[in-house]
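Asker: Here it is: the structure, laid out below.
Quick note: the coordinates plus some simple rules give every number you see, no bench work behind them. It should be emphasised that the depicted structure is a prediction, and the values quoted were computed from it without experimental measurement. Please note: Cβ atoms are built from the backbone with ideal geometry, for glycine as well, and neighbour counts cover all protein chains shown.
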Ligand SMILES: [Zn+2]
């Protein structure tokens, strides 16, 4: 069931965009690739919310890492160090840092989605076709 987190948003058009209503461009950035979205209607920069499931996965990755590190070191008779603990916990800490972004995105994108579905319903099949200036 799609919800407000399933879409990319164009703030100029003030609407959620379905897969065929935006184009994605991969650009090379320091440390890897970054995907940028553009609205097909107005060519504005479009973006979507941070993926909550990714944030949760990252958080648990850090916790699992810490548990394995702790019990692994104990059973090997090694000392559990603060630095080692911080290192294996880093995905969790990163997730905690990203989590406020998710709330900020929710404040930013969810009202657009709510307004849109009030007008056009929750089923994207029935959303109006974008009027493209030709
Ligand atoms: Zn647009």
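Asker: Let me see the P(r) profile for the chain: every Cα-Cα distance counted, bins of 5 Å, each bin given as a percent of all pairs.
Answerer: 2, 9, 14, 15, 15, 12, 9, 7, 6, 5, 3, 2, 1, 0, 0
Asker: Report the full-extension gain for the segment residue 34 to residue 99: residue separation times 0.36 nm, less the Cα-Cα distance, to one decimal in nm. Numbers along the way, then the final one.
Answerer: On the way: separation 65, 0.36 × 65 = 23.40 nm, distance 1.96 nm.
That works out to 21.4 nm of additional length.
Asker: Okay, moving on. Which whole-number percent gives the relative contact order of region 50-121, counting Cα pairs below 8 Å spaced six or more residues apart? Write down the numbers at each step before the final one.
Answerer: Details: 44 pairs, mean separation 30.4, N = 72.
With pairs under 8 Å counted, the relative contact order is 42 percent.
Asker: Additional query: Given R₀ = 25 Å, what would the calculated FRET efficiency be for residue 26 paired with residue 67, taking r from the Cβ atoms and rounding to 0.05? Please report the intermediate quantities before stating the final value.
Answerer: Working: r = 36 Å, r/R0 = 1.43.
Computed FRET efficiency for residue 26 and residue 67 comes out at 0.10.
Asker: Next question. Need the C-alpha centroid separation for region 78-122 versus region 5-59, integer Å.
Answerer: Taking the Cα centre of region 5-59 as reference, the centre of region 78-122 is 15 Å away.
Asker: On to the next question. Mind pulling the angle between the C-alpha long axis of helix 52-76 and the longest principal axis of the chain? Nearest 10 degrees, somewhere in 0 to 90.
Answerer: With rounding to tens, the tilt is 10 degrees.
Asker: Next up: Run the quick spin-label model on residue 12 and residue 110: label points 7 Å from Cα toward the beta carbon, then report their separation in nm to one decimal.
Answerer: 2.8
Asker: Where does the chain land at 222 nm, in deg cm²/dmol rounded to the nearest 500, when only DSSP H runs of n ≥ 4 count, each adding -39500 (n - 2.57), divided by all residues? If you can, show how the numbers build up before the last one.
Answerer: Values: 2 runs with 64 residues, N = 134.
Result for the chain: -17500 deg cm²/dmol, rounded to the nearest 500.
Asker: Which length gain, in nm to one decimal place, applies between residue 118 and residue 78 when the Cα-Cα distance is subtracted from 0.36 nm times their residue separation? Spell out each step's value before the answer.
Answerer: Details: separation 40, 0.36 × 40 = 14.40 nm, distance 5.92 nm.
Difference between extended and current length: 8.5 nm.
Asker: Express as a percent, rounded to the nearest 5, the fraction of DSSP beta bridges in the chain (both residues included) that run antiparallel.
Answerer: On the way: 14 of 14 bridges.
Counting only bridges with both partners in the chain, antiparallel ones make up about 100 percent.
Asker: Could you list 26, 58 in order of exposure, starting from the residue whose Cβ has the fewest other Cβ atoms within 10 Å? Walk me through the numbers on the way to the answer.
Answerer: Working: 26 9, 58 20.
Placing the least packed residue first, the sequence is 26, 58.
Asker: Let me ask you something else. Fewest Cβ neighbours within 10 Å first, please rank 30, 18, 23 accordingly. Spell out each step's value before the answer.
Answerer: Details: 30 5, 18 16, 23 13.
Ranking 30, 18, 23 by Cβ neighbours within 10 Å, fewest first, gives 30, 23, 18.
Asker: May I ask you to derive the relative contact order of the chain, considering only C-alpha pairs under 8 Å and at least 6 residues apart, and to give it as an integer percent? Working shown, then result.
Answerer: Working: 154 pairs, mean separation 34.7, N = 134.
Rounded, it is 26 percent for the chain.
Asker: Could you give me the radius of gyration and the Dmax of region 8-48, taking only the C-alpha atoms into account and expressing both in angstrom?
Answerer: In Å, with Rg to one decimal and Dmax whole: 10.7, 32.
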